[in-house]
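Visitor: Take a look at the following structure, please.
The values are calculated or read from the model by the stated rules, or taken from the named source; none is laboratory data. This is a predicted model, so every value here is computed, not measured. Every residue, glycine as well, gets a Cβ built from its backbone with ideal geometry; the counts of neighbours run over all protein chains shown. Heavy atoms of the whole protein, side chains included, go into the accessibility calculation; ligands, DNA and RNA do not. Shrake-Rupley method; radii C 1.70, N 1.55, O 1.52, S 1.80 Å.
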Amino acid sequence: MIDRPTIDRIMDATNIVDVVSEFVSLRKSGTSYKGLCPFHDDRTPSFSVSPSRGVYKCFSCGKAGNAVNFIMEHEQMTYPEALKWLARKYGIEVKERELSDEEREQENERESIFIVNEWAAGYYHDVLFNDPDGQAIGLAYFRQRGFRDDIIRKFRLGFALSKRDAMITTARKKGYKDTFLVKSGLCGQRENGTLYERFAGRVMFPWMSVSGKVFAFGGRLLDSRTKGVSQKYVNSPDSPIYHKDHELYGIYQAKKAISKEDKVYMVEGYTDVIAMHQCGIENVVANSGTALSIYQIRLLHRFTSNVVLLYDGDEAGIHAALRGTDMLLGEGMNIKVLLLPDNDDPDSFARKHTATEFREYVDSHQTDFMEFKTNVLLRGVNDPIERSKAITSIVKSISVIPDQIVRATYVKECARRIGIAEQTLINETNKMIRSEREQKAKQDEREANRQLATSAATTASTTVNPPSGNVIGAPRYEQQSVRLERMMAQLVVRHGAEVILHDLENEDGTTSDVTLAEFIYYDLHDDGLQFNDLVCRTILNEAVAQIQAGNGNLVEFFVRYPDLAVSNLATTLGAEEYHLSESLKMKVDDEFLKNQAMRLLLEYRMVIVRAQLDECKKQMAAATSDQEQLQILNDINSLNAIRTEIAKRLGNSIII
């Protein structure tokens, strides 16, 4: 366990803008920062970070929280793991007791694999520089390719010894279990249960996440061993922490440069990325042989909307440049293409030219996507049918562009290039857009029907037990209750410490002020009521306790609250729904807050009364004696009178 003082030191040191910027490109907007949300398919910046409050919120998908929540959500970490991540970032020592063997076995599987991978990356890197075979074979290979030692260290390159159990033996001595050597993909397992090292005799390329955690490896056979071998490279298999089509090689080393340059170069292989870094071009990543996926595009889109596809100029390079362009355009990316001459790839081209020459060539030879695709598909094509197919392909790419102005600009440029009337292309583009929307609508309808059927089946098979506290048994009343409790909890988090009743006379003749949180708390407790939702109840109770202890900064208090469920909900409720200028913001005074609280409390009581009336009616139907029925009837009459009074007061209250 991490003690509270250590957690407080971590939270005091944490700058949420600094943390989120590790994963999302942020732009200043007033007093906040904005960017594309990393938690959903975000095409317009809806993700806001408030440095003053220490919270983030996406106004599209609703995700919100503090720096710890962000790391937990983004990196799929537990609460202690996220705290340790922040502690490492800010150089804060975290002391914990040694885990027992039983506890170590119960450690999260994902974290165990990360730990094994991190150790393996260090092991292979150490072998490369310090083992005689690593120096003579692996290091010599990298140096022969022209890689400097500082670049080798930057990418943590390594070497796996040819002996197929060398790494396994060392790992076991260090206490790493065979289970996680296999689950990480570092080892395979034979039918007889023995292990073998997957990467033996290969130079090693660790894959690192945006945060720098090692989650996979690529291993390459050396030149002398590749003759007649169909597979030079072997990559880690999919694992609980790694899916190849979700990741990009070099993203960790490139993320800051991508954000700074507002542009990324996409290449094919590991050595292409490394060679470009050595030339001083650091905003470069590779998809390493996989077809470009939607996950990889969205990962890039967090940092920039501008991508340059940088491939060699042969047929394979042209095909690679064309493949995936529609997905890039559909995600709102701006595409340029750069094909290198003489069948060079970025690695070989870099070895033939100085760093200055490389940069000059890259800067001056980028081609707009439209020009590239038009030249490739229509060059030398005279057959009308083939020409029609090529134009249709070009128009199809234009139709997926989400921005109407960009789309219209490309239509005009396409019409000029291929000599077809602009209106004809507009009509064809619109037809494709309508067709795509119709297909999407049908797909959404099928999904909605499937979810509705699932929900109906679940509801039919589920018995809802009345919660302790207020009598709210029926699902519809339970939902209404939770909604109102959360609305009141939101008022408490945002305005709970604000005084709404001044100089209220006490029983002993003294006077005191009453804050909004206290008003809600005492109003409920006077009738023996409390929130059914435990998290909302905790928020209200803790808010009152903090106010009475003299702490009025409830947002900061809940951002640091040790219970994650409470912290997450309070942070979400405390985030502003819209960022308005001061002149447009509604003036929130004590009278306004009091009216809001009173109305919510009345609506809450109405839900409780209606639920109790329904329960009485059920009891009446099941009653077996006249005396029992008479008692229930009296209860119903009393509840009806209360309902009438609440309705009257609701009718006279101010609706905002």
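Visitor: Identify all residues within the range 360-391 that are surrounded by 13 or more Cβ atoms within 10 Å (Cβ to Cβ), of a type in the set (V, I, T) and more than 30 Å from P346 (Cβ to Cβ); write none if there are none.
Guide: Residue satisfying the conditions is I391 alone.
Visitor: Quick one: in the range 528-559, which of the residues that are within 27 Å of the chain's Cα centre (by Cα) and aromatic (F, W, Y) is most open to solvent (accessible area, probe 1.4 Å)?
Guide: Ranking the candidates gives F557 first.
Visitor: Evaluate the range 597-615: report whether one residue or more is more than 18 Å from D523 (Cα to Cα), of a type in the set (A, V, I, L, M, F, W, C), at pLDDT below 80 and open to solvent by less than 90 Å² (accessible area, probe 1.4 Å).
Guide: No, there is no match, as no residue in the range 597-615 is more than 18 Å from D523 (Cα to Cα), of a type in the set (A, V, I, L, M, F, W, C), at pLDDT below 80 and open to solvent by less than 90 Å² (accessible area, probe 1.4 Å).
Visitor: Condition (residue is more than 19 Å from T571 (Cβ to Cβ), at pLDDT 85 or above and aromatic (F, W, Y)) applied to the range 520-530: is it met by at least one residue?
Guide: yes
Visitor: Can you find a residue in the range 246-266 that is in a loop (DSSP other than H, G, I, E, B), more than 28 Å from V17 (Cα to Cα) and touching a strand residue (DSSP E or B) at 6+ places or on another chain (Cβ under 7 Å)?
Guide: Within the range 246-266, not a single residue is in a loop (DSSP other than H, G, I, E, B), more than 28 Å from V17 (Cα to Cα) and touching a strand residue (DSSP E or B) at 6+ places or on another chain (Cβ under 7 Å).
Visitor: Would you pick out the residues in the range 229-282 that are among the aliphatic types (A, V, I, L, M), open to solvent by 10 Å² or more (accessible area, probe 1.4 Å) and within 25 Å of the chain's Cα centre (by Cα)?
Guide: Listed by number, the residues that qualify are I241, A257.
Visitor: Just to verify a result, which residue in the range 283-303, among those that are under 15 Å from V24 (Cα atoms) and among the aliphatic types (A, V, I, L, M), is surrounded by the fewest Cβ atoms within 10 Å (Cβ to Cβ)?
Guide: Result: L299.
Visitor: Considering each of E102, E75, E81, E93 in turn, give the residue that is modelled with pLDDT under 80 and over 23 Å from K256 (Cβ atoms).
Guide: When all the criteria are applied, what remains is E102.
Visitor: On the basis of being among the hydrophobic types (A, V, I, L, M, F, W, C), under 23 Å from M370 (Cβ atoms) and either touching a Phe, Trp or Tyr at 6+ places or on another chain (Cβ under 8 Å) or outside any helix (DSSP H, G or I) (or both), does V285 make the cut?
Guide: So V285 fails the test.
Visitor: How do the pairs read when you match residues in the range 5-31 that are touching a residue at least 60 places away in the same chain (Cβ under 8 Å) with residues anywhere that are exposed (fewer than 11 other Cβ atoms within 10 Å of the Cβ), using Cβ under 9 Å and keeping only pairs 6 or more apart or on different chains?
Guide: Qualifying pairs under 9 Å: T6/E93; T6/K95; I7/P562; A13/G91; G30/S581.
Visitor: Pick from the range 43-63 the residues that are in contact (Cβ under 8 Å) with a residue 24 or more places away in the chain and closer than 27 Å to S293 by Cα: which of them is surrounded by the most Cβ atoms within 10 Å (Cβ to Cβ)?
Guide: So, considering only residues that are in contact (Cβ under 8 Å) with a residue 24 or more places away in the chain and closer than 27 Å to S293 by Cα, the one surrounded by the most Cβ atoms within 10 Å (Cβ to Cβ) is K57.
Visitor: Being of a type in the set (D, E), out of contact with any Leu (no Cβ under 7 Å at 6 or more places or on another chain) and surrounded by fewer than 19 Cβ atoms within 10 Å (Cβ to Cβ): is that true of D523 here?
Guide: In short, no.
Visitor: Only one of (1) over 17 Å from Y604 (Cβ atoms); (2) crowded, with 18+ Cβ neighbours inside 10 Å; (3) at pLDDT below 85 fails for T510. Which number is that?
Guide: Checking T510 against (1) over 17 Å from Y604 (Cβ atoms); (2) crowded, with 18+ Cβ neighbours inside 10 Å; (3) at pLDDT below 85, the one that fails is (2).
Visitor: So V308 ticks every box in (1) open to solvent by 10 Å² or more (accessible area, probe 1.4 Å); (2) without any contact (Cβ under 8 Å) to a residue 60 or more places away in the chain; (3) within 28 Å of C37 (Cα to Cα) but one. Which box is left unticked?
Guide: Among (1) open to solvent by 10 Å² or more (accessible area, probe 1.4 Å); (2) without any contact (Cβ under 8 Å) to a residue 60 or more places away in the chain; (3) within 28 Å of C37 (Cα to Cα), V308 violates only (1).
Visitor: For the range 125-151, what are the residues that are over 39 Å from the mean Cα position of the chain (by Cα) and in contact (Cβ under 8 Å) with a residue 12 or more places away in the chain?
Guide: Matches in the range 125-151: D131, D133, I137.
Visitor: While we're looking at this one, here's another question. Check T290 against each of (1) within 26 Å of the chain's Cα centre (by Cα); (2) at pLDDT below 85; (3) in a strand (DSSP E or B) and name the one condition it does not meet.
Guide: The one condition T290 does not meet is (3).
Visitor: For the range 179-226, how many residues are open to solvent by 30 Å² or more (accessible area, probe 1.4 Å) and within 16 Å of D133 (Cβ to Cβ)?
Guide: Count: 2.
Visitor: Take the residues in the range 347-359 that are out of contact with any Lys or Arg (no Cβ under 8 Å at 6 or more places or on another chain) and open to solvent by 20 Å² or more (accessible area, probe 1.4 Å); name whichever of them is nearest to Y410 (Cα to Cα).
Guide: Only one residue fits best here, namely R359.
Visitor: One residue is enough: does the range 326-343 have a residue meeting the conditions open to solvent by 10 Å² or more (accessible area, probe 1.4 Å), farther than 20 Å from D262 by Cα and in a helix (DSSP H, G or I)?
Guide: Yes - at least one qualifying residue is present in the range 326-343.
Visitor: If the Cβ limit is 7 Å and pairs must be 6+ apart or interchain, which residue in the range 531-543 that is in contact (Cβ under 8 Å) with a residue 24 or more places away in the chain pairs with which residue that is of a type in the set (S, T, Y) and buried (at least 18 other Cβ atoms within 10 Å of the Cβ)?
Guide: N532/S481; L540/Y521
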